[in-house]
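S.K.: Can you keep this structure in mind? I'll have questions shortly.
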Amino acid sequence: MKDERFFWGDLHPVCVLRGLLYNLWVLILAVLTAWLCVEGYHLFTYHPVYTASATVAVNVKGGTSAYTSLDLTARMAQVFASVFQSDTFREAAQCDVVASVLPETNLINVQVTAENPRESFLSLKNVLENHADLTDKLFSNAELRVIRDPQVPLAPSNPVDLKPYRMRACVGAMLAASLIVSVLFLRRDTVQTPQAARHKLDGRVLGTIGHERKEKRLFVKKSRGAGRKAAALLTDPFVRYTYTEAYQDLCAALEHRMRRDGKKVLLLTGAGENEGKSSVAVNLALALSMRGRHVLLLDLDLRKPALHKIFGLRAAAKNGIGQYLQAEKDAEPPLIFSEKYGISLGLTAPAAHPERLLHSEKLKKLLLAARADERFDYVLLDSPPMLLSADAEALSALSDLSVLVVRQDYTPAGILNDCADALTQSGTDFAGFILNNFYAAVHPQQLFAVRTASSK
């Protein structure tokens, strides 16, 4: 039964990084949203004001002693500053006036604040030109002389530095989005490590196939241009030794099971597309051939066949299994032997009404003949994905043994277990799961295949 507990060993660094990169747009969107929220709040709440300033000096009319004049004018400047800031003066000037005396001088810095630069400048100019109407009544022996003329303010006098607010909002939004993405990632319940497979999947793990890069050399790319689909085959000279050994170990486990129970026809399927079932079927056939076994590999995915692309035999598939099953006349099955790979092949092109063909008596007779043919030690069937149709279940009833290919961090464990149950209920003997395209758990950058026990 599936274990619902969470273990840190179930997570793989490559899968976590891939999940974050896949959801990077969510983090970027969260940061942009936080940035725009700060800008929007600032736009609707910030009211800039502009301050125009001028410097005036207080002088005594007819003063003689410089020391006495400075001392007197400094005291008079304090009084003038108080007058400028009085409510009476502000009401008369109809503006917000601030006056401050420079320490130990007779200089007064006069500032006028308004909502726009023009208004502040004109208001200050009006104060300087008409202050005498009020101040002359208080100081008949004093006069004000402008030292620094007022200038139109070019920038607001109450600027707001948004940088720290933007930074805090963006960091907070990124952390929140990362937390949400992480929670959703953990809830996906996919199989990321062999350890996770052992307690998440309801069945035996037959083996683990490591990730292997495709098309490592130029001449392999040329073969793809000639019609071959990219796939890491055991016959390629540049595949790693550990990759080959993983298939040999898997082959030994399956062959032991099939020989012990007297089984010959093996069905390979997957839950969804791109699980790698076709590549596993091909490499398993090649591994059996390397062990001196005679293998017949049939492509019974009549919807989206892939074997002819992997082998680069598109022309041979035009009159293949699908067309053979559609033909009304009896004929020899279109089987070919590949000298290059040392296996017999039954290829196909997409066929109409595949569900009818897979339930036909002609297919049953074909598989019975292949099972009885002493030329073949094993017959491998490549079937369609189980989530797209019921074809795999129909083929399972015609097979002796079935396995489910599981790609790393791809399909939720619950769905994989449902597929395994469906294969069991169809009447076939379900052997277990093959973990495919798994990155190494020890060092993600050093990709190699890892062998797992053939039984729990």
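S.K.: Select, from 338, 289, the only residue that is closer than 29 Å to residue 251 by Cβ, crowded, with 19+ Cβ neighbours inside 10 Å and hydroxyl-bearing (Ser, Thr, Tyr).
M.R.: When all the criteria are applied, what remains is 289.
S.K.: Please work out if residue 175 is farther than 30 Å from residue 78 by Cα and at pLDDT 85 or above.
M.R.: For residue 175, the condition - farther than 30 Å from residue 78 by Cα and at pLDDT 85 or above - is met.
S.K.: While we're here: Would you mind stating whether residue 204 is in contact with a Ser or Thr (Cβ under 6 Å, 6 or more places away or on another chain) and either at pLDDT 85 or above or crowded, with 19+ Cβ neighbours inside 10 Å (or both)?
M.R.: yes
S.K.: Continuing with this model, one more query. Within segment 347-365, is even one residue in the same structural domain as residue 233 (by TED's automatic domain parsing), under 17 Å from residue 289 (Cα atoms) and surrounded by 14 or more Cβ atoms within 10 Å (Cβ to Cβ)? Reasoning before the result, please.
M.R.: Of segment 347-365, the ones in the same structural domain as residue 233 (by TED's automatic domain parsing) are 347-365.
This time we only want the ones that are under 17 Å from residue 289 (Cα atoms), so: none.
No; the residues of segment 347-365 include none that is in the same structural domain as residue 233 (by TED's automatic domain parsing), under 17 Å from residue 289 (Cα atoms) and surrounded by 14 or more Cβ atoms within 10 Å (Cβ to Cβ).
S.K.: Counting only residues that are surrounded by fewer than 16 Cβ atoms within 10 Å (Cβ to Cβ) and either part of a loop (DSSP other than H, G, I, E, B) or among the aliphatic types (A, V, I, L, M) (or both), which one in segment 158-173 is nearest to the chain's Cα centre (by Cα)?
M.R.: Here the answer is 171.
S.K.: Right, next: Determine which single condition residue 219 fails, assuming it passes every other condition in (1) part of a helix (DSSP H, G or I); (2) under 17 Å from residue 281 (Cβ atoms); (3) modelled with pLDDT under 85; (4) not hydroxyl-bearing (Ser, Thr, Tyr).
M.R.: (2)
S.K.: Let me ask another. Within segment 14-49, which residues are under 21 Å from the mean Cα position of the chain (by Cα), of a type in the set (S, T, N, Q) and more than 18 Å from residue 183 (Cα to Cα)?
M.R.: 33
S.K.: Taking segment 348-384 only, how many residues are more than 15 Å from residue 426 (Cβ to Cβ) and either in a loop (DSSP other than H, G, I, E, B) or acidic (Asp, Glu) (or both)?
M.R.: Summing the residues that are more than 15 Å from residue 426 (Cβ to Cβ) and either in a loop (DSSP other than H, G, I, E, B) or acidic (Asp, Glu) (or both) in segment 348-384 gives 14.
S.K.: Return a yes/no flag: does segment 375-385 have any residue that is touching a His at 6+ places or on another chain (Cβ under 6 Å) and at pLDDT below 90.
M.R.: So far as segment 375-385 goes, no, none of its residues is touching a His at 6+ places or on another chain (Cβ under 6 Å) and at pLDDT below 90.
S.K.: Turning to a different aspect of this structure: Among the candidates 98, 38, single out the residue that is farther than 30 Å from residue 409 by Cα, at pLDDT 70 or above, outside any loop (DSSP other than H, G, I, E, B) and touching a strand residue (DSSP E or B) at 6+ places or on another chain (Cβ under 8 Å).
M.R.: 98
S.K.: Residues in segment 323-343 that are touching a strand residue (DSSP E or B) at 6+ places or on another chain (Cβ under 9 Å) and outside any loop (DSSP other than H, G, I, E, B): how many?
M.R.: 5
S.K.: Does segment 318-340 contain any residue that is within 43 Å of the chain's Cα centre (by Cα) and on the phi > 0 side of the Ramachandran plot?
M.R.: Going through segment 318-340, the residues within 43 Å of the chain's Cα centre (by Cα) turn out to be 318-323, 338, 340.
If we keep only those that are on the phi > 0 side of the Ramachandran plot too, we end up with none.
Looking for residues that are within 43 Å of the chain's Cα centre (by Cα) and on the phi > 0 side of the Ramachandran plot, one finds none in segment 318-340, hence no.
S.K.: Take the residues in segment 385-418 that are in a strand (DSSP E or B) and under 28 Å from the mean Cα position of the chain (by Cα), then tell me which one is surrounded by the fewest Cβ atoms within 10 Å (Cβ to Cβ).
M.R.: Within segment 385-418, the match that is surrounded by the fewest Cβ atoms within 10 Å (Cβ to Cβ) is 412.
S.K.: Condition (residue is more than 21 Å from residue 365 (Cα to Cα), within 40 Å of the chain's Cα centre (by Cα), assigned to a strand (DSSP E or B) and modelled with pLDDT of 95 or more) applied to segment 294-316: is it met by at least one residue?
M.R.: No - not one qualifying residue is present in segment 294-316.
S.K.: Okay, next question. Could you check how many residues of segment 306-340 are without any contact (Cβ under 8 Å) to a residue 60 or more places away in the chain and closer than 22 Å to residue 353 by Cα?
M.R.: Qualifying residue count, segment 306-340: 22.
S.K.: Then there is this: As an exercise: evaluate residue 47 against (1) under 30 Å from residue 115 (Cα atoms); (2) modelled with pLDDT of 80 or more; (3) outside any loop (DSSP other than H, G, I, E, B) and give the number of the one condition it does not meet.
M.R.: (3)
S.K.: Hey, can you tell me all the residues within segment 341-374 that are in contact (Cβ under 8 Å) with a residue 40 or more places away in the chain and among the basic types (Lys, Arg)?
M.R.: Answer for segment 341-374, where residues must be in contact (Cβ under 8 Å) with a residue 40 or more places away in the chain and among the basic types (Lys, Arg): just 371.
S.K.: Looking only at segment 147-190, which residues are of a type in the set (A, V, I, L, M) and under 19 Å from residue 36 (Cα atoms)?
M.R.: 160, 162, 167, 169, 171, 173, 174, 175, 176, 177 - these are the residues of segment 147-190 that are of a type in the set (A, V, I, L, M) and under 19 Å from residue 36 (Cα atoms).
The values are calculated or read from the model by the stated rules, or taken from the named source; none is laboratory data. Remember, it's a predicted structure, so these values are computed and weren't measured experimentally. In this analysis, Cβ positions are derived from the backbone assuming ideal geometry, glycine residues included, and neighbour counts consider all displayed protein chains.
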